[in-house]
Amino acid sequence: MRTGIRIMICAALAAVAVTVAVFSAFGFTGRESVQHSLYLLRDSGGHVAVYGRETPGTPITVTDIETATLREKDQVLLAQGLPVGSREELARLLEDLGS
């Protein structure tokens, strides 16, 4: 019985660690929001698309990066919409996703 509890605690801690790692990798601090970001990365027709604050319904550009080739966690973040605060951060994220 105690072994089962230990396994559940270890699994929960591992899940938290993965979540924190993903948010850290994308520079997400929890304070950012779609309203305060310059860009938003989302899936569009199976590719990573960049949306601007002024035109949230129309992508600025659709990249060649296929979302199906990304890690599952990245796909989830893109499905929810990933806020991006600067051009530098946008370039870094696109480079990370494309490699």
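ASP64: net charge of surrounding residues, Cβ under 14 Å, Lys/Arg +1, Asp/Glu -1, itself excluded?
Counting the neighbours of ASP64, the net charge comes to -3.
Per residue of the range 47-64, in order, report the coupling 6.51 cos²θ - 1.76 cosθ + 1.60 (Karplus, θ = phi - 60°) as ³J(HN,Hα) in whole Hz, putting x for Gly and Pro.
10, 6, 10, 9, 10, x, 5, 6, 10, x, x, 10, x, 5, 7, 10, 7, 7
Using only the heavy atoms of the protein chains and a 1.4 Å probe, how would ARG42, ARG87 rank by accessible area, largest first? If you can, show how the numbers build up before the last one.
Numbers: ARG42 70, ARG87 170 Å².
These residues rank, largest area first, as ARG87, ARG42.
Tally Lys and Arg at +1 and Asp and Glu at -1 over the other residues with C-beta under 12 Å from the C-beta of GLN75: what net charge comes out?
Charge balance near GLN75 sits at -1.
What residues have an amide H closer than 5 Å to that of THR63, excluding those fewer than 5 places away on the same chain, when H is modeled at 1.01 Å from N in the peptide plane?
It is VAL48, ALA49, VAL50, by chain and number.
The values are calculated or read from the model by the stated rules, or taken from the named source; none is laboratory data. Predicted model, so just to flag it, every value in this text is computed and none were measured. Cβ atoms come from the backbone with ideal geometry, glycine included; neighbour counts cover every protein chain shown. To get the accessible areas, we keep the full protein, side chains included, count just its heavy atoms, and leave off ligands, DNA and RNA. Shrake-Rupley method; radii C 1.70, N 1.55, O 1.52, S 1.80 Å.
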